[in-house]
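First up is the structure itself, then whatever we jot down about it.
The values are calculated or read from the model by the stated rules, or taken from the named source; none is laboratory data. Bear in mind that the values here come from a model prediction, so they are computed numbers and not experimental data. Every residue, glycine among them, receives a Cβ derived from its backbone with ideal geometry; neighbour counts consider all protein chains shown.
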């Protein structure tokens, strides 16, 4: 049984989105009956991301200057591990991004999967329709059938049992695709792909890394 959930959030120059992200995380936290900690790592930020995040009581805000999302996620996980009030087998890492909005059932959905023995939950994401061109949004809807998660790995919606995370050495300091790399090393553990708690994420075409989800959306837009 999971006794502690650690929400991990990397952020880089997300002053326009970080508060919306954290408000949503706090709502999801309220739906949990277990202990939940939240760690946000402001990495190489030149704006007010860290200041805005610190307005939220109970959110641990760390500042680093790596400009590396893998390092930021690793730092968040390491900090959370120091605070764990449970053994790693009973602790869970819920990963999202500062430009994303989780649904109210985000944490409870991951915990339900953990309760039946899953160590890894690969969640789906949806591009924010407020930022995505209508014609591309329609194409996205047609190719992403509800109830048929495609299993694509997104750091904005990823759940991992802390013990499994530790067994493979955690996030590597990669400038992008650190989430895909981690999941690849978790091959063999009990895994489920789910769209039961879809995360809304930024649909901007220029992201904080050369590729990432913004790179994927650019590819779709150029077809």
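Within segment 3-24, the only residue that satisfies the criterion of being closer than 17 Å to residue 94 by Cβ and out of contact with any strand residue (DSSP E or B) (no Cβ under 8 Å at 6 or more places or on another chain) is 23. Pairs are defined by a Cβ separation below 7 Å, a sequence spacing of at least 6 or placement on different chains, a first member in segment 107-127 that is without any contact (Cβ under 8 Å) to a residue 24 or more places away in the chain and on the phi < 0 side of the Ramachandran plot, and a second member that is in a strand (DSSP E or B) and buried (at least 22 other Cβ atoms within 10 Å of the Cβ); no pair meets this definition.
Here's the yes/no breakdown for (1) in contact with a helix residue (DSSP H, G or I) (Cβ under 6 Å, 6 or more places away or on another chain); (2) touching a residue at least 24 places away in the same chain (Cβ under 8 Å); (3) surrounded by fewer than 16 Cβ atoms within 10 Å (Cβ to Cβ):
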| position | (1), (2), (3) |
| --- | --- |
| 11 | yes, yes, no |
| 15 | yes, yes, no |
| 19 | yes, yes, no |
| 26 | no, yes, no |
| 37 | yes, yes, no |
| 40 | yes, yes, no |
| 55 | no, yes, yes |
| 65 | no, no, yes |
| 79 | no, yes, no |
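The residues of segment 19-49 that are assigned to a loop (DSSP other than H, G, I, E, B) and closer than 12 Å to residue 62 by Cβ amount to a single one, 45. A single member of 54, 73, 83, 87 is modelled with pLDDT under 95 and touching a strand residue (DSSP E or B) at 6+ places or on another chain (Cβ under 6 Å), and it is 83. Of the residues making up segment 137-180, those that are within 17 Å of the chain's Cα centre (by Cα), farther than 15 Å from residue 121 by Cα and touching a residue at least 60 places away in the same chain (Cβ under 8 Å) are 170, 171, 172, 173, 174, 175, 176, 178. Kindly state which helices (runs of 4 or more DSSP H) lie completely within segment 92-199 and contain at least 3 residues that are within 20 Å of residue 3 (Cα to Cα) and at pLDDT below 95. The helices (runs of 4 or more DSSP H) meeting that bar number zero.
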